[in-house]
Structure formats: C-alpha cells, structure tokens
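Presented below is the structure to which this report refers.
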Amino acid sequence: MIDLNKALREELRWQILQALDAGRPEPVSEAVLLRILKGKAASVSRAGLQREVGYLHSKQLVRIMDGSDSIQWLKISAVGVDVLENTISPPAGIIRP
C-alpha cells in the first residue's frame, strides 16, 4: 500500500532542490520558494516547507542562511547539485521523478 503523504513529502523535497538549483548561484528566500512551490499546485504551508528544508539540510543538500530581516535564505549545496544531476543517488526520503 502506498503512503500518499510520504510520497508527497519526498516529491516536495525534490521540487525544493529544483527550485534552489534554478536560483543558483544566488540564494533564494523562503518566501519566494513558497510561492514557487504553491505555483506547482503543491499544498505546502510555511511550516511544512521549513520542515522539509530542515530535512534536506540534515542530509547536507541545502544550506540555510539567515537574512538580516529574519527571512531565511536558502542555497543548494554541491551535494544537492550532484543529486539533481544524477551524479550520486539521492538519499532515502527523496523521490526522483
């Protein structure tokens, strides 16, 4: 039986990596990232986004940088780029389309 919530979380993590890669080499604000993801018909809240970014950060796929106005800024790491470019396999918890 497929766990739909798990599949949606794993796909959201992939979409976060893609959005951060598109902004490379500049960081992307959390607010812009949330708008991008909602534009892809993802039902994601700010708390949900922060939870998944935290997961990606724990896997060293993204870097979290604090902005001066308390908005988080995010960048994809070199490991995150390698995952997107299929140089290395994604860790468990991320679905490659």
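Considering (1) in contact with a Leu (Cβ under 9 Å, 6 or more places away or on another chain); (2) free of Cβ contacts under 8 Å to residues at least 24 places away in the same chain; (3) among the hydrophobic types (A, V, I, L, M, F, W, C), the lone condition that L49 does not fulfil carries the number (2).
Residue-by-condition table, conditions (1) buried (at least 16 other Cβ atoms within 10 Å of the Cβ); (2) closer than 18 Å to P97 by Cβ:
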| position | (1), (2) |
| --- | --- |
| K40 | no, yes |
| V44 | yes, yes |
| V53 | yes, no |
| K75 | yes, no |
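Residues in region 38-55 that are under 22 Å from A78 (Cα atoms), touching a helix residue (DSSP H, G or I) at 6+ places or on another chain (Cβ under 9 Å) and not polar (S, T, N, Q): 5 in all. Between A47, A19, the distinction of being part of a helix (DSSP H, G or I) and within 11 Å of the chain's Cα centre (by Cα) belongs to A19 only. For R9, the conditions (1) touching a strand residue (DSSP E or B) at 6+ places or on another chain (Cβ under 7 Å); (2) assigned to a helix (DSSP H, G or I); (3) not small (G, A, S) are fulfilled apart from (1). Could you tell me which residue of region 77-97 is modelled with the highest pLDDT, considering only residues that are surrounded by 14 or more Cβ atoms within 10 Å (Cβ to Cβ) and part of a loop (DSSP other than H, G, I, E, B)? Here the residue is S77.
The values are calculated or read from the model by the stated rules, or taken from the named source; none is laboratory data. Quick caveat: nothing in here was measured; it's all calculated off a predicted structure. With ideal geometry, Cβ positions are generated from the backbone for all residues, glycine too; neighbour counts draw on all protein chains shown.
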